[in-house]
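Report on the structure given below.
The values are calculated or read from the model by the stated rules, or taken from the named source; none is laboratory data. Computed from a predicted model, the values in this text were never measured in an experiment. Because the Cβ atoms are built from the backbone with ideal geometry, glycine has one as well, and the counts that use them run over all protein chains shown.
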């Protein structure tokens, strides 16, 4: 074995040799090892014979043919192919009364991970589902939920992805393109039917009624030939209309008198509707304390009482409505009385400053207590038939300095004007929109117009 000592390998040479060996594929490396072992066996078997050293060297040298060193960097970057488990996807819509458990159960989706989903960051959003919302749920071949996509709207969705033993949450939002829509129409029968013929969505119809509701009684004051026109926001996503937003500017002509309103955003971010002169469209008092009603008996100082059959002054207005219909405070104030009497049944009296008082009789329930402060449109009770009453209705009275006035015709206090500090800004931002509204009114023929670019309208 003395010949072995003749082989001198530097550290650099040994390192290069190891690198070459490691770069071989396993099958090649196994074959080369067999060759080396066989060579060594032959050497040991012939160790006892006298052999020329040059022959040994030559025979060994012949075993190591020149090798091409592969590109080590390329081999290092090679990655093994990973075969992932296939994912089955479920798509479903939220129905009335659904929660996550009932929705999963109906679609045959495993419910075992509901707790982990709801306990994950942002998972509390899954606790309140609304009809029309959508889910996409992916499970693997072990029936485990790998990814859940909660689509609240076309503009907002939540992604729950299973990573490293827990669910990671991602909120994704998109921004809609906002354009201005214009509609105008003529009253033929009711406000609602006429507005639908002008292709107005329901939320815009209700908003228009709320804006002008302090000046116009849409139940009794509407006449055939009345006109309306509106500029309002419409939101689009990828060229498709999503929904209608807020009314920007509007006009309504009732019995020859035209009312105009413009939406204004204050410096603090709050928004209100004002007349072009800067008076708030929201008056001190609502004209009526109910949203849904029909008048069964008006203000009449010589009315014959339906129960007592005697001429007795009717100092208010009777509004018939289903039992349980909410009754609103027509203005902010304080509850001066909340109680029960044989004639009035359940009643609530409100004091509005020193001048005005309103009374609400025959309530089914009282929602406020004596001494309590109330705000405008706060629910103070529900329609009933308590006391001297022939059916579910609200008896409503309006007093000015202690004198009863007809609630339908009484002159209400003027609205508050725009704050002086906001006046200049109000003029600059609202006048261009009112001009635009007037231009579209003149140009259109009571037909639906194409959406308008709103980029310079705000």
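Of all residues in the range 208-228, those satisfying the criterion of being in a loop (DSSP other than H, G, I, E, B) and free of Cβ contacts under 8 Å to residues at least 60 places away in the same chain are 216, 218, 221, 222, 223, 224, 225, 226. Taking each residue of the range 102-126 that is outside the structural domain of residue 157 (by TED's automatic domain parsing) and looking for partners that are surrounded by 16 or more Cβ atoms within 10 Å (Cβ to Cβ) and at pLDDT 85 or above with beta-carbon atoms closer than 7 Å, six or more apart or interchain, yields nothing. Output yes when any residue across the range 157-172 is under 22 Å from the mean Cα position of the chain (by Cα) and touching a residue at least 60 places away in the same chain (Cβ under 8 Å), and no when none is. Scanning the range 157-172 turns up no residue that is under 22 Å from the mean Cα position of the chain (by Cα) and touching a residue at least 60 places away in the same chain (Cβ under 8 Å).
From the residues in the range 84-103 that are within 23 Å of the chain's Cα centre (by Cα) and not in a loop (DSSP other than H, G, I, E, B), which one is farthest from residue 142 (Cα to Cα)?
Within the range 84-103, the subset within 23 Å of the chain's Cα centre (by Cα) is 91-103.
Now narrow it down to the ones that are not in a loop (DSSP other than H, G, I, E, B): 91-93, 100-103.
On the way: 91: 19, 92: 21, 93: 24, 100: 20, 101: 19, 102: 21, 103: 20 Å.
Within the range 84-103, the match that is farthest from residue 142 (Cα to Cα) is 93.
Flag: residue 134 matches the condition of being touching a strand residue (DSSP E or B) at 6+ places or on another chain (Cβ under 8 Å), surrounded by fewer than 16 Cβ atoms within 10 Å (Cβ to Cβ), touching a residue at least 40 places away in the same chain (Cβ under 8 Å) and in the same structural domain as residue 110 (by TED's automatic domain parsing). For residue 255, the conditions (1) surrounded by 15 or more Cβ atoms within 10 Å (Cβ to Cβ); (2) closer than 23 Å to residue 442 by Cβ are fulfilled apart from (1). In the range 122-139, is there at least one residue being within 14 Å of residue 168 (Cβ to Cβ) and outside any strand (DSSP E or B)? The answer is yes, given that some residue of the range 122-139 is within 14 Å of residue 168 (Cβ to Cβ) and outside any strand (DSSP E or B). Only one entry of 205, 248 meets the criterion of being in contact with a helix residue (DSSP H, G or I) (Cβ under 7 Å, 6 or more places away or on another chain) and either free of Cβ contacts under 8 Å to residues at least 24 places away in the same chain or surrounded by fewer than 15 Cβ atoms within 10 Å (Cβ to Cβ) (or both), and that entry is 205. Kindly provide the set of residues from the range 157-180 that are out of contact with any helix residue (DSSP H, G or I) (no Cβ under 9 Å at 6 or more places or on another chain) and either within 22 Å of residue 107 (Cβ to Cβ) or in a loop (DSSP other than H, G, I, E, B) (or both), ordered by number. Those that are out of contact with any helix residue (DSSP H, G or I) (no Cβ under 9 Å at 6 or more places or on another chain) and either within 22 Å of residue 107 (Cβ to Cβ) or in a loop (DSSP other than H, G, I, E, B) (or both): 157, 159, 161, 164, 165, 174, 175, 176.
Residues of the range 323-348 that are part of a loop (DSSP other than H, G, I, E, B) and either farther than 16 Å from residue 293 by Cα or in contact with a helix residue (DSSP H, G or I) (Cβ under 8 Å, 6 or more places away or on another chain) (or both): 331, 332, 342, 343, 344. Look at (1) crowded, with 22+ Cβ neighbours inside 10 Å; (2) over 37 Å from the mean Cα position of the chain (by Cα); (3) in a strand (DSSP E or B) and you find that residue 381 fails only one, number (2). For the range 246-266, state whether one or more residues are assigned to a loop (DSSP other than H, G, I, E, B), at pLDDT 90 or above and within 27 Å of residue 429 (Cα to Cα). Yes.
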